[in-house]
Each structure stands twice: as structure tokens, then as C-alpha cells.
Amino acid sequence: WAWMGNLRRQMVVSFLLVAMVPLVITVVVVSLISFTTQTTLALETQDQIAKRVAEQVKSFVLAREAELYSLVDVDELGTTNLEGQTRLLNNLLSAQSLYDELVLVNRSGREIIYASRLDVVGSSQLGSRAGKDEFERPKVTGKTYFGPVSFYDVNGQPYQIISIPIFNLRSGQLDYVLIANLRFKAVWDLMAQADVIGSGSVYLVDSSNRLVAHANPSIALQRRTVTLP
């Protein structure tokens, strides 16, 4: 009887092992498949969110470019006199709060109009943009220049310089370059409005991996360098 009992126990254990091992393997495989599927889904969702916000940022910046070109193509900024040019820049500055400064420089890079909501700039204070990217790049390429995101020293707010060349329609030569200081805080608002999942966040880095826009302004103001995954 003792021998029969041991044999019975051994057979039960063997049957249990035969039944449990495939079950355990199945559970592990299913768990791995589920984890992989959920990870892939999460990455695809993040990718879609990032692309959607990226398109919103791109559309925002390109809309500002079109706005500046409308001064040339519609309002004829390049052909009107100095008084008319000053009026056009001040009108845009008053109507569009996204700009802090609008500066018109001549073909040699000399500032001829400086419209600003930050300072009062008199004619004696006008300087030169010759040698600076916002003038030289449009002059050489004939295309819009989008500068890096910078921060004001006084209030720490971000801005981006956008400049467009203005050519003489008859000669094809460069007449002016229009330079705009664009408030980049609006892009921070796009980060904050992004429809993220859970506790996630959307942020923007420049070519040096420096954080230039984040849903949390306190983080964006730290200007930290991010190590991308």
C-alpha cells in the first residue's frame, strides 16, 4: 500500500507537471505578445501626437511667413515711400500681437524703419544688420530665414527671428529685407493644448537638443538640454 501510494503521488505530480508546463509557457508567451502589442500601440500613438503637434507648429510659423509676404505682395511694402512703409509696419504690429519688432533694412543692411512694442527707437538709434544672419541669409539665398529660438534677457520670454527678402520686380535686385521678432510663446501654448495620454507631455527641441518649448513654462524657461531616447 505504501508503494502504491507513492506511485499514485508520483503519477499525480507527473500529470500536474505535464499540464502546468504548457500552461505556464502559454501564459508567458501571451504576456509577451500582449506587452509587445501594447508597447507598439503606445509608440504609434505617441508618434501620431508628435506629428500632429509638429504640423500645428509648422503651420503656425508658415502662417507668419505668409503674413509678412502679404505686406509685400498685397500692400506693396517694397514700392511705397518711407512714410507708407512705416504705416504698414505699425499697422501690422498693432493688429498682430505675435510680433515684438518689425524692422525694415535696405540692400546694404542699414535699418531704415524700426517698429517695436518693447522700445521707442528713434532715427538716430537705427543701426546696421550687415553681417548678421537675419540679413545675409535672405540676401544670399533669396529665401525666408528662420532663426533659432532665443530668449529675452529681461523677461526670459522666447522669440524667433523671421526675415524675408524684398526684390525689385523690374531689376530683380534686392531692395530690402524685412525682419520680424516673433513671439514663440504661442508655440508653448500648442504644446499645452496637445491631447496626450496619461501624464505624458509634448516638447520641442532645437538642433542642439536644447528645450525651446514645453507645456510647462517653468520647464521651458530652464533651457535645459534634453537627451532624446
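The values are calculated or read from the model by the stated rules, or taken from the named source; none is laboratory data. Here the structure is a predicted model, which means the values were calculated and not measured. When we count neighbours, we look across all protein chains shown, and the Cβ atoms used for this are built from the backbone with ideal geometry, even at glycine. Accessible surface areas use protein heavy atoms only, side chains included; no ligands, DNA or RNA. Shrake-Rupley method; radii C 1.70, N 1.55, O 1.52, S 1.80 Å.
What do you reckon, how do Leu71, Leu228 stack up by accessible area (1.4 Å probe), largest on top?
On the way: Leu71 10, Leu228 85 Å².
Solvent-accessible surface, decreasing: Leu228, Leu71.
Which one, Thr225, Ser124, Gln157, is farthest towards the positive end of the dipole of the chain when Lys and Arg carry +1 and Asp and Glu -1 on their Cβ?
Thr225
Tilt of helix 2-73 relative to the longest C-alpha principal axis of the chain, in degrees (0 to 90, nearest 10)?
Taking the Cα atoms of the chain, the angle to 2-73 is about 10 degrees.
From largest accessible area down, sort Phe167, Phe35; use a 1.4 Å probe on the protein chains. The partial results should precede the final answer.
Details: Phe167 85, Phe35 135 Å².
Largest accessible area first, the residues go Phe35, Phe167.
Could you tell me the accessible area of Phe146 in Å² (1.4 Å probe, neighbours in place), rounded to the nearest ten?
Probe radius 1.4 Å; accessible area of Phe146 about 80 Å².
Once the whole set of protein chains is in place, how much accessible area is left on Val29, using a 1.4 Å probe, in Å² to the nearest 10?
70
Dipole magnitude of the chain about its Cα centre, charges +1 at Lys/Arg Cβ and -1 at Asp/Glu Cβ only, in debye to the nearest 20? Intermediate results must be reported in sequence, preceding the final value.
Details: 21 positive and 21 negative charges, 186 e Å.
The dipole of the chain has a size of about 900 debye.
Relative to the longest principal Cα axis of the chain, at what angle does helix 82-95 sit, 0 to 90 degrees, rounded to 10?
Helix 82-95 and the main axis of the chain meet at about 30 degrees.
Which value, in debye to the nearest 20, describes the size of the charge dipole of the stretch 18-139 about its Cα centre when Lys and Arg Cβ atoms bear +1, Asp and Glu Cβ atoms bear -1, and nothing else is charged?
Numbers: 12 positive and 16 negative charges, 48 e Å.
In debye, rounded to 20, the stretch 18-139 gives about 240.
Label the stretch 134-203 by shape, choosing from rounded, prolate and oblate, from the square roots a ≥ b ≥ c of the eigenvalues of the Cα gyration tensor; if a/c is under 1.5 it is rounded, and otherwise prolate applies when a/b is larger than b/c, oblate when it is not.
Values: a/c = 4.02, a/b = 2.39, b/c = 1.68.
The shape class here is prolate.
Tell me, what is the percent relative contact order of the stretch 148-209, built from C-alpha pairs under 8 Å that lie six or more residues apart?
26
Might you tell me the accessible area per residue for the stretch 1-157, computed with a 1.4 Å probe and given in Å²? Write down the numbers at each step before the final one.
Details: 10490 Å² over 157 residues.
Result: 67 Å² of accessible area for each residue.
Heavy-atom accessible area of Arg210 with all protein chains present, probe 1.4 Å, nearest 10 Å²?
We get 60 Å² for Arg210.
From the P(r) of the stretch 17-106, can you give the percent of Cα pairs sitting at distances over 21 Å? Mind dumping the intermediate values first?
Working: 2416 of 4005 pairs.
For the stretch 17-106, the fraction of Cα-Cα distances above 21 Å is 60 percent.
Residue farthest toward the positive end of the dipole of the stretch 114-229, with Cβ of Lys/Arg at +1 and Asp/Glu at -1: which of Ser199, Tyr114, Asn181?
Ranked along the dipole, the leading option is Tyr114.
Given a 1.4 angstrom probe, I'd like the percentage of the accessible area of the stretch 116-196 that is carbon and sulfur, rounded to a whole number.
Numbers: 2000 of 4370 Å².
Answer for the stretch 116-196 is 46 percent, counting heavy atoms of protein chains only.
What do you reckon, how do Leu68, Leu174, Leu41 stack up by accessible area (1.4 Å probe), largest on top? If you can, show how the numbers build up before the last one.
Values: Leu68 0, Leu174 20, Leu41 105 Å².
Highest to lowest solvent-accessible surface, that is Leu41, Leu174, Leu68.
For Lys132, which lysines qualify as cross-link partners when the Cα separation must be under 29 Å and same-chain residues fewer than eight apart are set aside?
Of all the lysines, those that pass the test against Lys132 - Cα under 29 Å, at least 8 places apart if same chain - are Lys58, Lys143, Lys185.
Any idea what the dipole of the stretch 17-65 comes to, in debye rounded to 20, about its Cα centre with Lys/Arg Cβ at +1 and Asp/Glu Cβ at -1? Kindly include the intermediate steps, with their values, before the conclusion.
On the way: 4 positive and 4 negative charges, 23 e Å.
The calculation lands at about 120 debye.
Express the C-alpha Rg of the chain as a ratio against the empirical globular expectation 2.2 N^0.38 Å, rounded to two decimals. All intermediate terms of the calculation are to be shown ahead of the outcome.
Details: Rg = 30.5 Å, N = 229, 2.2 N^0.38 = 17.3 Å.
Against the compact-globule rule of thumb, the ratio is 1.76.
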